[in-house]
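Note sheet for the following structure.
The values are calculated or read from the model by the stated rules, or taken from the named source; none is laboratory data. The structure presented is a predicted model; accordingly, all values stated were derived computationally and were not measured. FYI the Cβ positions are ideal-geometry reconstructions off the backbone, even for glycines, and counts take in every protein chain you see. SASA here: full protein model, heavy atoms, side chains in, ligands and nucleic acids out. Shrake-Rupley method; radii C 1.70, N 1.55, O 1.52, S 1.80 Å.
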Amino acid sequence: MLSLYLFFKGTEKVALAVERGQVMEVFLDRPGKTSKVGNMYKGIVRYVDKGLQAAFVDFGDERQGFLQRQEIPACKQNASLRIEQAIQEGQTLLVQVQKDAHGTKGAKLSAIITLPGQVLVYLPNGQYVAVSKKLPEERAEQWKTHFTELLDPEEGVIVRTEADQQSETALSEELQLLRNRWKEIAANDSTPPAPIFHDALIPDQLLRRIPAGVIEEIIVDDGFAARQLRQQFPSFQEKIKWEKEAEMLLPQPLAVLWEQLISPVVHIDRGITLHIEQTEALTVIDVNSAGYKGHSDKQQTAVMVNQLAAKAIAREMRLRNLSGIILIDFVSMNRSDQQRAVLQTFRQALHQDNQRTEVYGFTKLGILEVSRKRERPSILNQLQKAVKPELSLESRCFQLERDLLKAETDRSYVLSGKKAEIRRFVELTKRMAVSASVYVRYQDKAVFKLEEIDEETVKRDGLESLDNLF
């Protein structure tokens with residue numbers, strides 16, 4: 001059973017899923033940094049590509065969204081209809097984000113609108129009833145019949161697994177609630193491109209994402225927010241608790257957790273470490289067993305290490321929200337049965353993750369290929385500032401040495417930098433045959449450079465000659 005912690009105080013909203021004293025999942029909702037998946041917009045069709053059978057839609061984002069033919073209601077209902085027959089350039093179109101923009105790609109859009117509730121997903125122009133495959137066939141048919149009778153011809157609905165825990169009356173009331181909400185959204189008269197519906201990650205998406213049956217309690221740090229949640233989600237009313245000092249109940253303070261989440265190294269049992277590196281294209285996870293102390297048989301050790309690592313990797317994927325292509329470099333195993341044992345452990349560990357993950361198997365080089373559905377930004381991308389690559393101190397020292405060797409004899413120069421940087425420069429370059437006059441200026445700020453200077457400034461500032469340091 002999960003304890004869900006919701007932090008509403010402050011501008012950033014935070015949610016943590018905690019199980020058996022361990023943080024299993026993290027959600028961050030920040031202004032301007034939140035996923036747009038599920039949001040609805042009034043967009044303008046800017047270009048229809050007949051060859052691709054897709055359209056580019058301006059919905060107010062930096063990059064235009066991409067709308068495929070099969071995501072248009074008319075084309076969904078008529079397989080022979082081409083996209084240029086269904087929509088035209090300049091047309092206003094209501095769209096919903098299916099996948100966020102990533103890298104140079106714009107967001108993936110759909111004009112087949114879905115409005116999710118606690119148990120139902122309402123499709124204003126869906127024209128079909130779908131029931132979760134996890135429900136028994138007999139119950140699925142009963143729900144299909146029930147909703148087919150309730151829906152208008154153009155409407156549709158998706159019935160989730162949790163429907164079997166609700167009465168027909170409760171689901172009929174939820175359907176009407178979603179209908180009324182849709183009428184309000186559709187009546188929005190904003191000038192396109194414009195947002196018309198925001199599907200908040202915290203708490204809306206979160207409380208739909210996690211099955212109600214696995215949530216033991218919902219701890220909220222704000223009394224007003226707790227009251228609102230009880231009204232908005234009556235099925236959770238008894239589980240919602242207000243705790244003024246909610247952070248004190250966590251396994252570790254948020255600041256400590258953030259530092260752990262941006263660290264590329266994860267320490268797990270028996271001296272095993274994971275090294276996680278995220279790039280724009282993919283994530284690479286390396287299993288390091290250098291500190292492992294255990295079985296004397298190397299191959300048996302490899303399997304044991306990899307099984308421990310597999311469980312930890314499944315947790316880190318969920319905790320850090322790693323998505324897209326993931327490559328895992330386990331400790332080398334010689335036999336296919338050993339790889340199968342590790343795969344079985346890994347797949348079992350993934351069962352706790354609600355996000356769809358595909359495990360494709362090991363490559364010839366022994367790398368495990370995995371893909372995980374991308375629904376929101378990774379935690380690392382949200383917490384860590386962009387790191388600009390820069391030359392090492394040694395590289396800068398040798399470059400400055402080359403600059404000094406080219407310095408003109410009739411001019412004076414000053415080498416500015418921290419004392420430690422200049423000391424390292426002297427250690428690396430030894431004594432140089434420099435004909436120009438070169439002086440040193442110590443600075444506390446990070447400025448390590450060479451620039452021309454006049455003799456008056458040298459005298460005024462009492463600068464020391466670089467030669468005196470050798």
| note | At 37 °C and 0.692 mPa s, the Stokes-Einstein diffusion coefficient in µm²/s for region 296-350, with hydrodynamic radius from the Kirkwood sum on alpha carbon pairs, is 281 µm²/s
| said: What does the charge count around residue 161 come to, taking other residues whose C-beta lies under 11 Å from its C-beta (Lys +1, Arg +1, Asp -1, Glu -1)? | reply: +2
| request: For 351, 146, 275, 198, write out the residues from largest to smallest accessible area, computed with a 1.4 angstrom probe and no ligands counted. | output: 351, 198, 275, 146
| note | log10 I(q)/I(0) for region 1-145, Debye formula on C-alpha points only (no solvent), q = 0.10 Å⁻¹, two decimals, reads -0.51
| message | Against the 2.2 N^0.38 Å scaling, with N counting residues, where does region 56-103 land? I'd like the Cα-based Rg ratio to two decimal places. | response | 1.21
| query | Which of 428, 157, 389 sits farthest toward the positive end of the charge dipole of the chain, with +1 on the Cβ of Lys and Arg and -1 on the Cβ of Asp and Glu? | reply | 428
| task | For every helix of n ≥ 4 consecutive DSSP H residues, a contribution of -39,500 (n - 2.57) applies; sum these over the chain, divide by its total residues, and give [θ] at 222 nm rounded to the nearest 500 deg cm²/dmol. | result | -9000 deg cm²/dmol
| request: On the full set of protein chains, 1.4 Å probe, figure out the accessible area of residue 93 and give it in Å² to the nearest 10. | output: 20 Å²
| Paired Rg and Dmax values of region 120-209, which use every Cα atom, in angstrom | 14.6, 47
| Karplus-derived HN-Hα couplings along region 74-83 (A = 6.51, B = -1.76, C = 1.60, θ = phi - 60°), whole Hz, x at Gly and Pro | 4, 6, 5, 7, 10, 5, 8, 6, 7, 5
| remark: Treating every alpha carbon of region 312-455 as one equal point scatterer without solvent, the Debye formula yields log10 I(q)/I(0) values at q = 0.14 Å⁻¹ of -0.72
| request: With just the Cα atoms of region 168-296, tell me how far they stretch along each of the three principal axes, in Å, largest first. | output: 67, 39, 32
| For residue 148, what accessible area in Å² do you get when you roll a 1.4 Å probe over the heavy atoms of the protein chains, rounding to the nearest 10? | 90 Å²
| remark: Low-density loop GluC sites (Glu not before Pro), region 1-100, at most 11 other Cβ within 10 Å, DSSP non-H/G/I/E/B, are 62
| remark: Residue separation between residue 409 and residue 217 times 0.36 nm, minus their alpha-carbon distance, gives in nm 61.5 nm
| message | More than 19 angstrom separation, counting every C-alpha pair in region 73-159; what % is that? | response | 53 percent
| Tally Lys/Arg at +1 and Asp/Glu at -1 over every other residue whose Cβ is under 10 Å from the Cβ of residue 286; what's the total? | -2
| field | Relative contact order (%) - criterion: Cα under 8 Å, at least six apart; region: region 310-451 | value | 21 percent
| remark: Long-range share for the chain, i.e. C-alpha pairs more than 41 Å apart as a percent of all pairs, stands at 40 percent
| With contacts defined as alpha carbon pairs under 8 Å and 6 or more residues apart, what's the relative contact order of region 364-441 in percent? | 34 percent
| query | With every protein chain in place, what's the accessible area of residue 449 (1.4 Å probe, Å², nearest 10)? | reply | 90 Å²
| remark: Taking 0.36 nm per residue of separation between residue 179 and residue 148 and subtracting their Cα-Cα distance, the length gained on full extension comes to 9.7 nm
| query | Considering amide H positions built from the backbone, and no H for Pro or chain starts, which residues 5 or more places from residue 25, or on another chain, come under 5 Å of its amide H? | reply | 17
| request: Arrange the residues 455, 168 by how much accessible surface each exposes, largest first, with a 1.4 angstrom probe. | output: 168, 455
| field | In order through region 186-202: 3J(HN,Hα) via Karplus (6.51 cos²θ - 1.76 cosθ + 1.60), integer Hz, x for Gly, Pro | value | 5, 7, 4, 9, 4, 7, x, x, 7, x, 10, 7, 10, 8, 5, 5, 10
| Stretched out fully, how many nm does the piece from residue 445 to residue 252 gain, at 0.36 nm a residue minus the Cα gap? | 66.0 nm
| P(r) of region 23-102 over all Cα-Cα pairs, binned every 5 Å from zero, in whole percent | 3, 14, 24, 21, 15, 8, 6, 5, 3, 1, 0
| message | Using the Karplus curve 6.51 cos²θ - 1.76 cosθ + 1.60 with θ = phi - 60°, what ³J(HN,Hα) values do you get for each residue of region 143-157, in whole Hz, with x for Gly and Pro? | response | 5, 4, 5, 4, 7, 4, 6, 7, 8, 6, x, 7, 7, x, 7
| said: Let me check against my output: what whole-number percent is the relative contact order of the chain, with C-alpha pairs under 8 Å and at least 6 apart? | reply: 12 percent
| Residues with beta-carbon under 14 Å from that of residue 452, excluding residue 452: net charge, scoring Lys, Arg +1 and Asp, Glu -1? | -3
